[in-house]
Amino acid sequence: MSHPRRYLIEPLDPLKQRREEFDCGVEALNDYLKKRARKEMDAGLSVCFVAVPESDPGCIAGFYTLSAATILTTTLPETVTKKLPRYGEFPAILLGRLARSIAFKGQGLGERLMMSAFVRAAHAAEDVASWAIVTDPKDENARRFYKDFGFSELGANRLLITMKQVKTLLWSKAP
């Protein structure tokens, strides 16, 4: 019986982690982690969280980014907005990027990263209101991945999951 690998998920620290080794198979995501993630963190535009194996904390197995966002009320279906206040927009959290290294494929790391993002977003929403999480999938594989977690369509290139749905999912996965 194999034991699942243990990971720490923590903010990116370019002095500790070896970004140049990361390869998820998508050049735009590789380049983001290697060249832009730290700069965006320094500018306060997003926070990049990395999954590192406990046995090798310098190795980046995967990552995701979170930042603040808004959702225009006009982009939501009337079935949703009829129960909400008449604001022009609602606060949200943007799950900007999520990627897993090819070397860690098939180990459930994508789900671990998603659940970590959900936990962080749900905790943040307790202190600063956030009605939902939004994401902009890069391709059909990413779209399917997010939809498996309960995200639904919000326009042509955006997906959404409400914070209420996130909390329900987290409670159902709790030990």
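Filter region 1-25 down to the residues that are surrounded by fewer than 16 Cβ atoms within 10 Å (Cβ to Cβ) and aliphatic (A, V, I, L, M) and list them by number. If the condition is that a residue be surrounded by fewer than 16 Cβ atoms within 10 Å (Cβ to Cβ) and aliphatic (A, V, I, L, M), then 1, 8, 15 are the ones that fit.
crowded, with 17+ Cβ neighbours inside 10 Å and small (Gly, Ala, Ser): does that describe residue 103? For residue 103, the condition - crowded, with 17+ Cβ neighbours inside 10 Å and small (Gly, Ala, Ser) - is not met.
So that you can scan it fast, the table gives a plain yes or no per residue for (1) closer than 15 Å to residue 92 by Cα; (2) modelled with pLDDT of 90 or more:
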site: 138; (1), (2): no, no
site: 149; (1), (2): no, yes
site: 154; (1), (2): yes, no
site: 161; (1), (2): yes, yes
site: 164; (1), (2): yes, yes
site: 167; (1), (2): yes, yes
site: 174; (1), (2): no, no
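Quickly run through region 134-156 and pick out the residues that are under 14 Å from residue 97 (Cα atoms) and outside any helix (DSSP H, G or I). Scanning region 134-156 gives 134, 135, 136, 137, 138, 139. Picking from residues in region 110-133 that are assigned to a loop (DSSP other than H, G, I, E, B) and of a type outside the set (A, V, I, L, M), the one that is farthest from residue 156 (Cα to Cα) is 130. If you go through region 87-100 and keep only what is crowded, with 16+ Cβ neighbours inside 10 Å and not aromatic (Phe, Trp, Tyr), you end up with 91, 92, 93, 94, 95, 96, 97, 98, 99, 100. Scanning region 124-175 for residues that are loosely packed, with under 14 Cβ neighbours inside 10 Å, closer than 22 Å to residue 108 by Cα and among the hydrophobic types (A, V, I, L, M, F, W, C) yields a total of 2.
All told, residue 60 meets the bar of being within 25 Å of residue 143 (Cβ to Cβ), among the aliphatic types (A, V, I, L, M) and part of a loop (DSSP other than H, G, I, E, B).
Scan 25, 106, 44 and give me the residue that is more than 16 Å from the chain's Cα centre (by Cα), assigned to a loop (DSSP other than H, G, I, E, B), under 17 Å from residue 142 (Cα atoms) and without any contact (Cβ under 8 Å) to a residue 60 or more places away in the chain. Testing whether each residue is more than 16 Å from the chain's Cα centre (by Cα), assigned to a loop (DSSP other than H, G, I, E, B), under 17 Å from residue 142 (Cα atoms) and without any contact (Cβ under 8 Å) to a residue 60 or more places away in the chain leaves just 106. No other residue among 90, 49 is of a type in the set (Phe, Trp, Tyr), part of a strand (DSSP E or B) and within 14 Å of the chain's Cα centre (by Cα) apart from 49.
Considering the conditions (1) touching a residue at least 24 places away in the same chain (Cβ under 8 Å); (2) touching a Pro at 6+ places or on another chain (Cβ under 7 Å), residue 63 is excluded by exactly one of them, (2). Filtered by the rule that a residue be polar (S, T, N, Q) and surrounded by fewer than 16 Cβ atoms within 10 Å (Cβ to Cβ), region 30-66 gives a lone residue, 55.
The values are calculated or read from the model by the stated rules, or taken from the named source; none is laboratory data. Note that the structure is a prediction, hence the values are computed from the model and not measured. Note that each Cβ is placed from the backbone with ideal geometry, even for glycine, and that neighbours are counted across all protein chains shown.
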